[in-house]
Each structure stands twice: as structure tokens, then as C-alpha cells.
């Protein structure tokens, strides 16, 4: 299976096809009709996908208890965060919360993230690492 | 700021098609944006000329018709020098300036002192080269400027960016194919994160949070009250934590412990937080300090869109399932919002999110439906309706998006040790620059930082790829052969780099890529992370830290000493935690 | 028959390292040493990857004591299983195109010691081989070794196992690399001779 998408590294936004077999990426092919990359890719475009199947990927939410990370469920992790955020907002106001958004995440994810900070918490303390 | 927007004014393919002169300043395009460099090479083979201004012998500098090897931090000196020559020799476009720009008189006075002789004195760039570069750039039918972090990462970065725009405006190099001012974005979706309002002062579409009209638009769309006060920027957050103002921090898809300057300061701040949530695909150095870690889906594991440096919005698609219980970032935020009782987060897929954005900010993205984006290789915003073809070139016909519709030429002054007060007073709101930390007797070298082609940022992703790691297994510091001879160090030796903020052990690469008295290294490797050394002084307007200059001391050390320092860093960044967590996860623990 | 080799055009090479990583992957996939067989080299005169020139009278072939290096199919090939890791070829090569490299056998590869997965990476010599801590600092890097690790000579093999030819040539984004073979050199020389003749003729008074 071939999936047409965009390289996740620099801001050039080269087009590429991801080659998939049995839910595994087996390779990457340049998109020959892309106006910028025109059938070529660089080192990170071709080989940068390898981290996705690394054994160190996080596969479950973790809560730190006594200095050790303990695997937990989504329900428990989100419940814990929701409770703590509600408490902190009540005690110290919405501006006691800050969110670092991500220049690696999609437009849609960044939109939801800033909407969360602004509409749910009520703060403009949201920024991302555009400066590096 | 000068022109009205913060994005690349033109598109990349125009470089190879239309540009007669390409001026690259502060960008290692060959290594960091290879497919943009390709367009520059194609332009060259068509006969276009290349000017490169860089302290380092980058691969593009090597190919330049004129290479201006300025010392680190002297961008403004150089740019003012170029404009001095252009104005003196009347190479500017008087008509264009008269119709489309304000402040030319101020600018003329500001660059008056920057004669070729003065510039040579300060930077060592020969008068001949400076004059030749000025004539070449100003004389081109279409000239484009490409710049990157070598321009912005100074305490006066805003000034340099303004200078770059000044240069383009006075020569009329805007609003036509093959011209423009092009900041090359370093990350796949920096443009998108900015566009989507991932900034403390603006909503999606760069609509100011302080403007009641804009706020009302989003309050109506989101059905809630919104805060009118601009928020904190990243470098300000650490101080706010120390002051007890910020108590909870939520980080997703970033690794600020590695990427923020003078990171010891930042780590202490994180440790004081009451709640730190990190959402990422690996247990990053930042995640290890968190109270809660949430597993995210990676690239190729989710649907959505990215906006590249040309404002080209392109669809990214899901190819594989995320591992274990990892979830997409948008799903996590929606689930959390719902847990907190919020409405308006009932999205079923990314298309619904995108369509909401299109409705709220139609002037920029209204016409970009998923269906259309699926048909083409991206559309450049603004694209207000479905009949609109997108906007590859901004400011066509010199129509700028400033309040007056004209470009604001800004007076920018610079001297490494500071500009005299009298001089500053001569101008209305000039931007003034000086270097935060100059070398002295103890810290005798200038340290500058950046990236390498084979790794990416904090190495979280690229260091887990065998081919990339085999090409770049280890941190290296570039040292000029002259300096190496004086210090009695050889290629492959280890040195300790020390600044007033910290020290790291690094292997030496003796190379002409750096000028004398200057060393270069990166932030890809936790065991030798240059951001333990960098200065946290920031630009007052953009709050970009001065990553590019610091004073540093170099000492030769043995392999055993280097190893000891690595072990020290391993403790500092708690690398054993990742090992523990991986073991825990591999027990097959599933919810 | 003339030798065949891959060479780069420094006017096109942008120093992006794509060729090196491609080389690693290409060889790893067929069970050969996962190490780049060409090295991007930056000099004031220009940037380009340097790799084996597959010399007709190759000094590496001459010095190899076990005949692990042979001339085959107009190229110089190393049999990685025959190589005893003496490193004479690396010392003899005038281009620096041979690197001794070896990975630890699985029996010796504990979690956390193999460099790719090392939780605390060890400082290393310029050559990818390194010894027990401190011990090798006195040794020439080419002769440094690590207990249990067998090093073999690693050099460009023109991807002889791949019908499509050298992978680096295909992956180069600026098409700076090319395979020189057959009549290429004769054709190029003819072109240069024409150039020289035109130049001379047009300058004759």
C-alpha cells in the first residue's frame, strides 16, 4: 500500500509516499509530482521514519508515583489531569496554566490545543518553539 | 513587521524559475533545507548569481559567486553596509519607495555611517566584495533573500529581519515572481502552529487577542468568554514559574529541556511546578520530569494537514496504526476538555476541526476544503473561497498589509559593544543591537550553534534511526585549523567547552568551516547539549534567545574525562528512567 | 576494460549526507556492514563525498595478505567473510576510501552496550571502532579495536548485488553523483579536447 503524505522534518514540506506492509512502514518514495521536491528527498525524508517502530515508543499513559512512572489507563490519567487543572484554576486563576504547543503537530491539533487553553482554561499562555 | 506579515512572501519553485540573484544570509541551506538548496543550484545552472553571507563555510557559501564571511553577529553591520552602497550609488528604486514605503529618510540617515571602509573595519569583509554584492543584488531583475535562524537568533534578531526587509523594499524586490523575503522554517509545521494561534498574542489567522472585534468573533464561534490579555512566551514561562505565577504546564510534541537556552535554569523551573503534563511519542528529557506522561500518535499515524514555509497547506495522511494505546494529540485534548465538562470538543475527525477553522477564519483558509487539498499538492493561504486558487506571492503590486498599506522602513543600528545614546536619539523608535556576551580573556572563543543535516533538533526521532545515526553518531565541535594548532588539539580529540552557564565534553572536528576564534556545535545530543552553554538573553520584541553567540573556553581533555562528563549528563537527564519505563511497558502491560 | 567508479560533482553537491545514509540502509538490507562507504568531505575548495575509485592497479588488492580483495567486474570488491581485519588496505588506500568497521556479534551485544542503543554513549575515536575506555588513546585509530568485535574492511562495492546500480546515485537530490563506466571517460576527454581546440583557435592572432 502507498500513502501520499508530507515529510515530517523541515519546513520545506516535501511530498512523499509511505510504503506500508502489514501496518509497518517498509520504505519511503519521493512524490514525483510535488512542486517543491519534484521526485527527490533528502536524508531525513528517506530515513527519518525509523523512529516510529522503535521499541522505546510510549504505548500507555504513565503517572509518576514516588518518583517512578507507573502505567495507567487513559481514564485515570485524564481524570487525574482534569482534577488537578480544575483545582489549580480555582486556587490560582487561569493564568497559572501554560501550554507549549508543537511545531511538529498538525494544524488541526494545534487548533484544538489553543482552543483548549483559551476556551477551557481561559488563558492566552500558549506558545511553541518557533524561535529555535 | 516592516511588511505586515510573518511568512515567506514567495514560493520555493520561483527560485529556480525566475530569480536572477539569490542572497542567502544566516542559513545553511544545503544541510538544513536540501530541497530548497536544489532550487538554488538549478537557478545557478540557469545563470543566476548567488551571494552568501555566513561566518561558516557552508556548502552554499562554497558555491557562491560572492561569499561575505562576516563574523558571528554582524548581520546588521553588513546589511546596513549594503544599503549604504545602494543608496550612495542610487541603485534603489525611487518610484517604488515613493509609492509603497514610509521612512526612507530615516533609513538613509541610519545607514549613512556604514561606509564600506567602516564595514571592513568591523567585519573584515573587503570593500570590493561589499560593493560588488550591493551592485549585484540591486541590479538584478528579480532577487530573492533566503534567511534562517542565523538572522533571528540574536537579541537584536527583529532588527536584522527588519534590515532584510528594508533591503528588499528599497530595491523593489517584492511582489513579483522570483523576488521576496523568505524565512526558511526549520520545522515541518512552525508556519502552521503560528497560523493556528499557537502564540500568546494572536488567535488563529494572526487575529490579535487584544482586539475586541476579533475576540468577539471567536467568543461567538466557541460560545464562551475569552481572555483579553496576551499570554506568556516560552522564555518568560520559566521566570513566571520561579515567581509562583505559573503552577501547571502542559507540553506536547516539544522537548524544551533540550532546546531552551541555559537549560539548567529551565529544568529548575520545571521541578517547581505543581503539575507538568508531557504528551509525546517518547519519554523525552522533558517527559522524564513530568507528573503525567501521555503517549501520542506519531507522524504517519494520523490524519491532518501541515503548512510549509511557503504557506502551502498540504494534507498528511495516516498510513499505520499507532502503537499500543497511543492516541492522536487532538483526541487527547478533546477527551480532556470533555472530562473538564467543556462543550465544543465533540469532533469525530480532523476534517471537522479543519472545517471549524475555515468557518471562523474564512479570509485565510475558507476555500481550502479537504476535498480540494486532496486534489492538489497543497494551496498557499490566503485562499478565501472555493473558487480562489491560493496566493503564492504576497504583496503583489507593492500592496502591504501594514495599517497604512505601505512598508515601514525601520532604522536599525548596531555595534557589538552598543550604540552611543546620542546616535539612538537621532531616530524615531530605531531598533538597536549589541552582542550580549563578547569573548574576553577567560572565555576567549565565540560559540555559535545550529544543526547538522543528518539529525533533527533534540535528536528524539533521528537518533533512533540506524542510517541517520551511523552518519552522525556523535556530537562534534568545529574548530578552525589555526586555532587547533595553537591549542594543540587534533581532529578527534575531546575538548571541554565551558561558558559561564555550564560545560560539555565534545569531540573536535578540525575544519575550515568555521573562521578563526569561532567554534560551532549543535543541540542534537543530550550527552553534549550546547544549550547548557547558550545565553538566555532574548530579543525584546520577538523574545528569541541569542542562541548564536556566547563566549566560550576550550580545554583539551582525555577520553576518560569525556566519559566521566557523559555519565554526569546521564544523571542530569535521568536516562535510566527511559530504560525502566521501556522495561515496564514491554511486560505487556495493557489497559 | 576500464574501471568503473562513482564520483560526485562538487558544483552540485550540497553536503546533505543523503548518499551516506542511503549507503548504510542499502548494505544493511543485504546483511553487509551497516556503515557508509562514502564520506561527505568539506573543504574550502568544495564539498563532495569521497569513495573508492576502484583503481585498476589497486594498492589495497596488492597488500591484502588473504586475497579478500579482488578485482571483479571492473571494480574492486572485498569479501567481508574472508577479511581478517588487518587494516593494511586502509593504510595503503590513497583516497582514504576503506574504513575498518564491525558490529559486535549478538552474543556479546548486551542491552545498553551496543552503541545504537547505548543509554550512555561512549566517547569514540574518529574511526567507528574504539577500545575499552582509555586504553586506545595511545593507538592509531585505524588499529584501535574492541574485545569481541571483529572488524572488516568496508568500502564501496558499487552495490554490485543490486541490478539498479549504486543506490547513492539514485538518492542524491541534486543528482551530483554519477557512475563513470565504459566509454564515459573517452567521451569526456573528446569533449574537453574540442573545448581546448576552440579556445586555442579563437585566440590565435
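The values are calculated or read from the model by the stated rules, or taken from the named source; none is laboratory data. No experiment lies behind these values; they were computed from the predicted model shown. Using ideal geometry, Cβ is built from the backbone for each residue, glycine included, and neighbour counts are taken over all protein chains shown.
Exactly one residue among B:186, B:192 is in a helix (DSSP H, G or I), at pLDDT below 95, at the interface with another protein chain (Cβ under 7 Å from one of its Cβ atoms) and under 30 Å from residue B:21 (Cα atoms), and that residue is B:192.
Results for (1) surrounded by fewer than 23 Cβ atoms within 10 Å (Cβ to Cβ); (2) farther than 30 Å from residue C:84 by Cα, shown as yes or no for each residue.
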| residue | (1), (2) |
| --- | --- |
| C:10 | yes, yes |
| C:16 | no, yes |
| C:21 | no, no |
| C:36 | no, no |
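Here is the figure for the stretch B:4-30: residues that are within 14 Å of chain C (Cβ to nearest Cβ) and crowded, with 24+ Cβ neighbours inside 10 Å total 8. Entry remark, the stretch C:1-12: residues being within 13 Å of the chain's Cα centre (by Cα) and either free of Cβ contacts under 8 Å to residues at least 24 places away in the same chain or farther than 19 Å from residue A:40 by Cβ (or both) number 2 in total. The set of residues from the stretch B:549-562 being at pLDDT below 85 and crowded, with 20+ Cβ neighbours inside 10 Å comprises just one member, B:559. Scan the stretch C:13-69 for residues that are free of Cβ contacts under 8 Å to residues at least 12 places away in the same chain, over 20 Å from residue A:45 (Cβ atoms) and more than 16 Å from the chain's Cα centre (by Cα) and the total you get is 4. Counting only residues that are part of a loop (DSSP other than H, G, I, E, B) and either farther than 12 Å from residue C:13 by Cα or under 14 Å from the mean Cα position of the chain (by Cα) (or both), which one in the stretch C:165-182 is farthest from the other protein chains (Cβ to nearest Cβ)? Checked the stretch C:165-182; the qualifying residue farthest from the other protein chains (Cβ to nearest Cβ) is C:182. Yes or no: residue B:392 touching a residue at least 60 places away in the same chain (Cβ under 8 Å), assigned to a loop (DSSP other than H, G, I, E, B), more than 24 Å from residue B:169 (Cβ to Cβ) and outside the structural domain of residue B:122 (by TED's automatic domain parsing)? Spelling it out, it is not the case that residue B:392 is touching a residue at least 60 places away in the same chain (Cβ under 8 Å), assigned to a loop (DSSP other than H, G, I, E, B), more than 24 Å from residue B:169 (Cβ to Cβ) and outside the structural domain of residue B:122 (by TED's automatic domain parsing). The set of residues in the stretch B:276-302 that are more than 8 Å from chain A (Cβ to nearest Cβ) and more than 16 Å from residue B:574 (Cβ to Cβ) comprises B:279, B:297. May I ask you to say which residue of B:543, B:535 is in the same structural domain as residue B:450 (by TED's automatic domain parsing), surrounded by 22 or more Cβ atoms within 10 Å (Cβ to Cβ), touching a residue at least 40 places away in the same chain (Cβ under 8 Å) and part of a loop (DSSP other than H, G, I, E, B)? Being in the same structural domain as residue B:450 (by TED's automatic domain parsing), surrounded by 22 or more Cβ atoms within 10 Å (Cβ to Cβ), touching a residue at least 40 places away in the same chain (Cβ under 8 Å) and part of a loop (DSSP other than H, G, I, E, B) holds for just one of B:543, B:535, which is B:535. In this structure, does residue B:159 turn out to be in the same structural domain as residue B:41 (by TED's automatic domain parsing) and either assigned to a loop (DSSP other than H, G, I, E, B) or within 29 Å of residue A:109 (Cβ to Cβ) (or both)? Answer is no for this residue.
The requirement of being surrounded by 14 or more Cβ atoms within 10 Å (Cβ to Cβ), touching a strand residue (DSSP E or B) at 6+ places or on another chain (Cβ under 9 Å), modelled with pLDDT of 50 or more and outside any loop (DSSP other than H, G, I, E, B) is fulfilled nowhere in the stretch C:109-125; no residue meets it. Restricting attention to the stretch B:205-224, the residues that are in contact with a helix residue (DSSP H, G or I) (Cβ under 7 Å, 6 or more places away or on another chain), more than 13 Å from residue B:359 (Cα to Cα) and outside any loop (DSSP other than H, G, I, E, B) total 2. Does residue B:60 satisfy the condition of being within 13 Å of chain C (Cβ to nearest Cβ) and modelled with pLDDT of 90 or more? In short, yes.
Looking at the stretch B:216-242, which of its residues are more than 9 Å from chain A (Cβ to nearest Cβ) and under 28 Å from the mean Cα position of the chain (by Cα)? B:238, B:239, B:242 - these are the residues of the stretch B:216-242 that are more than 9 Å from chain A (Cβ to nearest Cβ) and under 28 Å from the mean Cα position of the chain (by Cα).
The rows are residues; the columns are (1) crowded, with 23+ Cβ neighbours inside 10 Å; (2) away from every other protein chain (no Cβ under 13 Å); (3) in a helix (DSSP H, G or I); (4) in contact with a strand residue (DSSP E or B) (Cβ under 6 Å, 6 or more places away or on another chain).
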| residue | (1), (2), (3), (4) |
| --- | --- |
| B:457 | no, no, no, no |
| B:467 | yes, no, yes, no |
| B:478 | no, no, no, yes |
| B:490 | no, no, no, no |
| B:531 | yes, no, yes, no |
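Cβ separations smaller than 8 Å between residues 6+ apart or across chains give the following pairs from the stretch A:27-43 residues that are more than 7 Å from chain B (Cβ to nearest Cβ) and touching a residue at least 24 places away in the same chain (Cβ under 8 Å) to residues that are surrounded by 23 or more Cβ atoms within 10 Å (Cβ to Cβ) and in a loop (DSSP other than H, G, I, E, B): A:31/A:14; A:31/A:37; A:41/A:7; A:41/A:14; A:41/C:173.
Residue by residue through the stretch B:323-379, note down the ones that are at negative phi, more than 8 Å from chain A (Cβ to nearest Cβ), surrounded by fewer than 19 Cβ atoms within 10 Å (Cβ to Cβ) and not in a helix (DSSP H, G or I). Result: B:343, B:346, B:348, B:349, B:369, B:376. If you go through the stretch B:568-589 and keep only what is within 25 Å of residue B:323 (Cα to Cα), part of a helix (DSSP H, G or I) and in contact with a helix residue (DSSP H, G or I) (Cβ under 6 Å, 6 or more places away or on another chain), you end up with just B:577.
Here residue A:104 qualifies as facing chain B (nearest Cβ under 7 Å), under 23 Å from residue B:235 (Cβ atoms) and touching a residue at least 60 places away in the same chain (Cβ under 8 Å). For the stretch B:95-107, indicate whether the set of residues that are within 21 Å of the chain's Cα centre (by Cα) and in the same structural domain as residue B:149 (by TED's automatic domain parsing) is non-empty. Scanning the stretch B:95-107, I find no residue that is within 21 Å of the chain's Cα centre (by Cα) and in the same structural domain as residue B:149 (by TED's automatic domain parsing), so the answer is no. Pull up the stretch B:122-137, narrow it to residues that are in contact (Cβ under 8 Å) with a residue 12 or more places away in the chain and not in a helix (DSSP H, G or I), then point me to the one that is surrounded by the fewest Cβ atoms within 10 Å (Cβ to Cβ). Looking at the filtered set, the residue picked out is B:124.
Any chance the stretch C:40-63 includes a residue that's closer than 30 Å to residue B:40 by Cα, assigned to a loop (DSSP other than H, G, I, E, B) and touching a helix residue (DSSP H, G or I) at 6+ places or on another chain (Cβ under 7 Å)? So far as the stretch C:40-63 goes, no, none of its residues is closer than 30 Å to residue B:40 by Cα, assigned to a loop (DSSP other than H, G, I, E, B) and touching a helix residue (DSSP H, G or I) at 6+ places or on another chain (Cβ under 7 Å). Scanning the stretch B:248-275 for residues that are facing chain A (nearest Cβ under 7 Å), surrounded by fewer than 24 Cβ atoms within 10 Å (Cβ to Cβ) and assigned to a loop (DSSP other than H, G, I, E, B) yields a count of 1.
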